[in-house]
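Undergrad: Sharing a structure with you now.
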Amino acid sequence: MTVWDDVVGQDETVATLDRAVRDPAAMTHAWLLTGPPGSGRSTAARAFAAALQCAEHGCGTCKECRTALDGTHADVTVLATENMQIGVDTARDLVALAARSPSVGRYRVLLVEDADRLNDSSGNALLKAIEEPSERTVWVLCAPSLEDVLVTIRSRARHVRLRIPPAQAIADLLHRRDGIDHATALTAARAAQNHIGIARRLARDEGARSRRADTLALAVRIDGVGTAVRGAEQLVAIATAERDSALSERHATEKATLLEQLGADPSARTQPPHVRSQISALEKEQKKRERRFITDVVDRCLVDLLSVYRDALVVQSGAGDIGLVNEDHRQLVDRVALALRPERILAAMDAIGTARERVAANVPPQLALEAMAVSLQLPR
Ligand SMILES: [Zn+2]
């Protein structure tokens, strides 16, 4: 066993990082790991942090390895944010930490999971600390791609690129780590389009599978403006339900904790002004997180939907044996392939792409999706 076991399909990356851990000449103090969502970049970053702390360079079993992997190591700080941007105060806290020597470990590791969310001011605050770090400080920054990171930051870090892990490698991981049978694991990995986290959820969560099935079914359900509007509503409803199941409880807990910290009476009808202002600041953060969550879920639904049309093109071209994303929804794919000519399929894919751009640009999802859904009509 090693710390790299859960980093799947990334032989080159693992080799580079492992060499750095073992050979001082290959080591540097700032790293930038990029890879598409679900490729496992934060898993790779944590494994790297663990290997750096471990006396055996990443045995996977010692206390240093285990605590670094599960996020409780005193000298490994992980910054993961759900906010759109990393604020300058957060960046300054990291800089202050970076100046301190490690307390128990061999290095002080600062892991920034979403380095693409650094803005000009928080990025600037980090610059000097990244360029001239203390002797035993290592920065590990993660982002979807190089282009997402401020030029000033990326020019000061060594870049390591993760690739999209192959479906088979993901299936093996799900089988080995989560005990999922091979066939289910492989179907889930394909359906998730090689996103490790989504594959795991699809393999284990019946609700996630049925939400995906509902999304895919839109491809054959729309035959006019009325069904298009209802289809858009349904997608938004799917996203809202996911948001509620993921965030409601957590947000209520956060609020209760804050009230307790402030010594306020949670049952009071009105709170004193200083409590009110803190509560409203928290609620503002929570609202932002909820919006971001909806945007993310809608985008994932659209990627699912897009895959139906991609599969239909594959079927039409007679190249079905190169592997369908939606092998588990073959009838649906066949219906689309029979009903639409290739140019109509491409138009549908364009409409989905446009909807993704609009949702990312903060157009209300319902509007963006209605416009898209009208283009997804099947001939009656
Ligand atoms: Zn170890």
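The values are calculated or read from the model by the stated rules, or taken from the named source; none is laboratory data. As the structure is a computational prediction, the values presented were derived from the model and not from experiment. Methodologically, a virtual Cβ is constructed for each residue, glycine included, from the backbone with ideal geometry; neighbour enumeration extends over all protein chains shown.
Undergrad: Could you go through region 19-31 and let me know if any residue there is among the charged types (D, E, K, R), within 16 Å of the ligand (Cβ to nearest atom) and surrounded by fewer than 16 Cβ atoms within 10 Å (Cβ to Cβ).
TA: yes
Undergrad: What do you reckon, is Val7 touching a residue at least 12 places away in the same chain (Cβ under 8 Å), of a type in the set (A, V, I, L, M), within 16 Å of the ligand (Cβ to nearest atom) and assigned to a loop (DSSP other than H, G, I, E, B)?
TA: Details: touching a residue at least 12 places away in the same chain (Cβ under 8 Å): yes; of a type in the set (A, V, I, L, M): yes; within 16 Å of the ligand (Cβ to nearest atom): yes; assigned to a loop (DSSP other than H, G, I, E, B): yes.
Judged against the criteria, Val7 is a match.
Undergrad: Which condition number does Arg158 fail, the rest of (1) modelled with pLDDT of 95 or more; (2) touching a helix residue (DSSP H, G or I) at 6+ places or on another chain (Cβ under 8 Å) being met?
TA: (2)
Undergrad: How about region 225-255: which of its residues are out of contact with any Lys or Arg (no Cβ under 8 Å at 6 or more places or on another chain) and either within 28 Å of Arg380 (Cα to Cα) or not in a helix (DSSP H, G or I) (or both)?
TA: Val225, Gly226, Ala228, Val229, Arg230, Ala232, Glu233, Gln234, Leu235, Val236, Ala237 - these are the residues of region 225-255 that are out of contact with any Lys or Arg (no Cβ under 8 Å at 6 or more places or on another chain) and either within 28 Å of Arg380 (Cα to Cα) or not in a helix (DSSP H, G or I) (or both).
Undergrad: Let me ask another. Could you give every pair whose Cβ atoms fall below 8 Å, whose first residue belongs to region 326-338 and is farther than 19 Å from Asn194 by Cβ, and whose second residue is polar (S, T, N, Q), counting only separations of at least 6 or pairs across chains?
TA: Close Cβ pairs satisfying both conditions: Leu332/Asn326; Ala337/Gln316.
Undergrad: Could you say whether any residue in region 75-82 is of a type in the set (Gly, Ala, Ser), more than 8 Å from the ligand (Cβ to nearest atom) and under 30 Å from Lys288 (Cα atoms)? Please lay out each step first, then the result.
TA: So the first thing to find is which residues in region 75-82 are of a type in the set (Gly, Ala, Ser), and the list is 80.
The next check asks that each one be more than 8 Å from the ligand (Cβ to nearest atom); those that pass are 80.
If we keep only those that are under 30 Å from Lys288 (Cα atoms) as well, we get 80.
Taking every residue of region 75-82 in turn, at least one turns out to be of a type in the set (Gly, Ala, Ser), more than 8 Å from the ligand (Cβ to nearest atom) and under 30 Å from Lys288 (Cα atoms).
Undergrad: Run down Asp75, Asp93 and say which single residue is of a type in the set (Asp, Glu) and surrounded by fewer than 17 Cβ atoms within 10 Å (Cβ to Cβ).
TA: Of the residues listed, the single one that is of a type in the set (Asp, Glu) and surrounded by fewer than 17 Cβ atoms within 10 Å (Cβ to Cβ) is Asp93.
Undergrad: Also, quick follow-up: Of the numbered conditions (1) within 16 Å of the ligand (Cβ to nearest atom); (2) surrounded by 15 or more Cβ atoms within 10 Å (Cβ to Cβ), Gly35 satisfies every one except a single condition; which is it?
TA: (1)
Undergrad: Then there is this: Of the residues Ile279, Ile294, which is of a type in the set (Val, Ile, Thr), touching a residue at least 60 places away in the same chain (Cβ under 8 Å) and assigned to a helix (DSSP H, G or I)? Even if it seems obvious, please write down each step before you answer.
TA: Values: Ile279 fails: touching a residue at least 60 places away in the same chain (Cβ under 8 Å).
Just one listed residue meets the conditions, Ile294.
The rows are residues; the columns are (1) away from the ligand (no atom under 16 Å from the Cβ); (2) crowded, with 18+ Cβ neighbours inside 10 Å; (3) aromatic (Phe, Trp, Tyr).
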position: Gly71; (1), (2), (3): no, no, no
position: Leu110; (1), (2), (3): yes, yes, no
position: Gly123; (1), (2), (3): yes, yes, no
position: Val140; (1), (2), (3): yes, yes, no
position: Val151; (1), (2), (3): yes, no, no
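Undergrad: Where residues in region 44-63 are touching a residue at least 24 places away in the same chain (Cβ under 8 Å) and out of contact with any helix residue (DSSP H, G or I) (no Cβ under 8 Å at 6 or more places or on another chain), which of them is farthest from the ligand (Cβ to nearest atom)?
TA: Ala45
Undergrad: Condition test on Ala15, is it within 21 Å of Leu162 (Cβ to Cβ), assigned to a helix (DSSP H, G or I), more than 15 Å from the ligand (Cβ to nearest atom) and over 22 Å from the mean Cα position of the chain (by Cα)?
TA: Answer is yes for this residue.
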